[in-house]
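Student: This is the structure I want to talk about, given as structure tokens.
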Amino acid sequence: MKTNALIKSMSLLLIMAMLSVMLSGCAVTAKKADSGKISIVATIFPQYDFARRIAGDRADVTMLLKPGMEAHSYEPSPKDIIGISKCDLFLNVGGESESWLDSVLESADNPDMRIISAMDCVETIEEETSEGMQSREHHHEHEEENESDSDHHDEDEEEEYDEHVWTSPMNAIAIVNAINAALCELDPDNAEFYCANTNEYVAELTELDNAFRETVAASERHLLVFGDRFPLLYFVREYGLDYYAAFPGCAAETEPSAATVAFLIKTVRHEKVPVILYIELSNHKVADAVAESTGTRTAQFNTCHNISAKDFAAGESYLSLMRANVDILREALN
């Protein structure tokens, strides 16, 4: 893992050195895009979708992570780095999975760029490993922990926080408001337009939040079982739900241990769980195996971390995907 991280860092530094010549001397100011519009770059789908909903046709919005791509294995291309360096508003997550951004932003000769990290907009939650979950091995550049040493952490070890903050609609509202405030400062001539779109969007997100709360309140149970990664810690905390899953949200594993599968099967049978969930862009092999052993069915629960190329072309959004989750949640809890 350390070797891969070193290679990745060296490759990025080499790209940055080559690009520095190209970017040097280029003055960067707001509304400098060829279209004359504000330029917004987002690393992943949720912030991209929030920005395009607020800005409408008054800004050029770009998403770095291509539809269908695994977010945790993303590496910026030279074109991506140039786009970040020249944009007016840069939207990122702010966690370990985007540690590559440090060198990019340090090298960007763009003092007027506004940067919004989603994790800075909300109260973050420390990552956790639930009962029965596969021992975590993050795809981030962290050292692997041995089970025998899991209870003996170095006093100087940094706490790790879950990055998937947007999975709570209430957090989404906080991020949307931060994006709106930045756009109004960068482009005051269109502030009224941005605010109107934001107010409308926040009202829809509030309706979504109410739909989740009503669904949970009317449900027979409060337990979700994911035969997959679990990047929904903020979601279950927001709505008072319990969960079991095969892997943590940022795990690199794709093959669970026999003990993990056995635990999930036992839990599903004991709790009479009606639906085994998996997330988008997953092979859902674990969910299928648990469902086959327990006679239950599987269903996709959208985390919105990224979106398939098909859904992207069809115009699916954070709202449409999360609204679909309301129906899936109702089935999973009853």
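Student: Quick check, is ASP228 of a type in the set (D, E, K, R) and within 30 Å of MET113 (Cα to Cα)?
Tutor: no
This table checks each residue for (1) small (Gly, Ala, Ser); (2) surrounded by fewer than 18 Cβ atoms within 10 Å (Cβ to Cβ); (3) in contact (Cβ under 8 Å) with a residue 12 or more places away in the chain; (4) touching a Gly at 6+ places or on another chain (Cβ under 9 Å).
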residue: ASP187; (1), (2), (3), (4): no, no, yes, no
residue: PHE193; (1), (2), (3), (4): no, yes, yes, yes
residue: ALA211; (1), (2), (3), (4): yes, no, yes, no
residue: THR215; (1), (2), (3), (4): no, no, yes, no
residue: LEU223; (1), (2), (3), (4): no, yes, yes, no
residue: ARG229; (1), (2), (3), (4): no, no, yes, yes
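Student: Within the bounds of the stretch 146-162, is there any residue that is touching a helix residue (DSSP H, G or I) at 6+ places or on another chain (Cβ under 8 Å) and at pLDDT 90 or above? Don't jump to the end; show me each part of the working.
Tutor: If we filter the stretch 146-162 for residues that are touching a helix residue (DSSP H, G or I) at 6+ places or on another chain (Cβ under 8 Å), which is where we start, we get 160-162.
With at pLDDT 90 or above added as a condition, the list becomes 161-162.
Scanning the stretch 146-162 turns up at least one residue that is touching a helix residue (DSSP H, G or I) at 6+ places or on another chain (Cβ under 8 Å) and at pLDDT 90 or above.
Student: Right, here's the next one. Can you say whether ASP109 is at pLDDT below 90 and either assigned to a helix (DSSP H, G or I) or farther than 30 Å from LYS266 by Cα (or both), as far as the supplied structure shows? Lay out the reasoning, then the answer.
Tutor: Working: at pLDDT below 90: yes; either assigned to a helix (DSSP H, G or I) or farther than 30 Å from LYS266 by Cα (or both): yes.
Against the criterion (at pLDDT below 90 and either assigned to a helix (DSSP H, G or I) or farther than 30 Å from LYS266 by Cα (or both)), ASP109 qualifies.
Student: Go through THR303, THR298 for me and flag whichever is closer than 23 Å to ASN171 by Cα, among the hydroxyl-bearing types (Ser, Thr, Tyr) and outside any helix (DSSP H, G or I).
Tutor: Answer to the check: THR303.
Student: Restricted to the stretch 268-297, and to residues that are on the phi > 0 side of the Ramachandran plot and over 22 Å from the mean Cα position of the chain (by Cα), which residue is surrounded by the most Cβ atoms within 10 Å (Cβ to Cβ)?
Tutor: For the stretch 268-297, the residue satisfying everything is LYS272.
Student: If you don't mind, there's one more thing I want to ask. Give just the number: which of (1) of a type outside the set (S, T, N, Q); (2) over 30 Å from ALA313 (Cα atoms); (3) at pLDDT 90 or above does ALA118 not satisfy?
Tutor: Unmet for ALA118, out of (1) of a type outside the set (S, T, N, Q); (2) over 30 Å from ALA313 (Cα atoms); (3) at pLDDT 90 or above: (2).
Student: If you don't mind, there's one more thing I want to ask. Considering only the stretch 56-84, how many residues are of a type in the set (S, T, N, Q) and at pLDDT below 95?
Tutor: 2
Student: Filter the stretch 270-295 for residues that are in a strand (DSSP E or B) and not β-branched (Val, Ile, Thr); which is farthest from ASN92 (Cα to Cα)? If you could, list the steps in order and put the result at the bottom.
Tutor: Here is the first cut: in the stretch 270-295, the residues in a strand (DSSP E or B) are 275-279.
Going one step further and asking which of them are not β-branched (Val, Ile, Thr), we end up with 277-278.
Numbers: LEU277: 27, TYR278: 25 Å.
That would be LEU277.
Student: Kindly establish whether VAL261 is at negative phi, surrounded by 16 or more Cβ atoms within 10 Å (Cβ to Cβ), assigned to a loop (DSSP other than H, G, I, E, B) and among the β-branched types (Val, Ile, Thr).
Tutor: Here the answer is no, as VAL261 does not meet what is asked.
Student: Is it true that some residue in the stretch 231-241 is farther than 17 Å from HIS72 by Cβ, assigned to a strand (DSSP E or B) and in contact with a helix residue (DSSP H, G or I) (Cβ under 7 Å, 6 or more places away or on another chain)? Lay out the reasoning, then the answer.
Tutor: Of the residues in the stretch 231-241, the ones farther than 17 Å from HIS72 by Cβ are 234-241.
Then keep just the ones that are assigned to a strand (DSSP E or B); that gives none.
No, the stretch 231-241 contains no residue that is farther than 17 Å from HIS72 by Cβ, assigned to a strand (DSSP E or B) and in contact with a helix residue (DSSP H, G or I) (Cβ under 7 Å, 6 or more places away or on another chain).
Student: Which one of these does PHE247 not meet: (1) modelled with pLDDT of 95 or more; (2) assigned to a strand (DSSP E or B)?
Tutor: (1)
Student: Give me a count of the residues in the stretch 298-321 that are within 23 Å of VAL286 (Cα to Cα), under 17 Å from the mean Cα position of the chain (by Cα) and buried (at least 18 other Cβ atoms within 10 Å of the Cβ).
Tutor: 9
The values are calculated or read from the model by the stated rules, or taken from the named source; none is laboratory data. Remember, it's a predicted structure, so these values are computed and weren't measured experimentally. We place every Cβ from the backbone using ideal geometry, glycine too, and count neighbours over all the protein chains shown.
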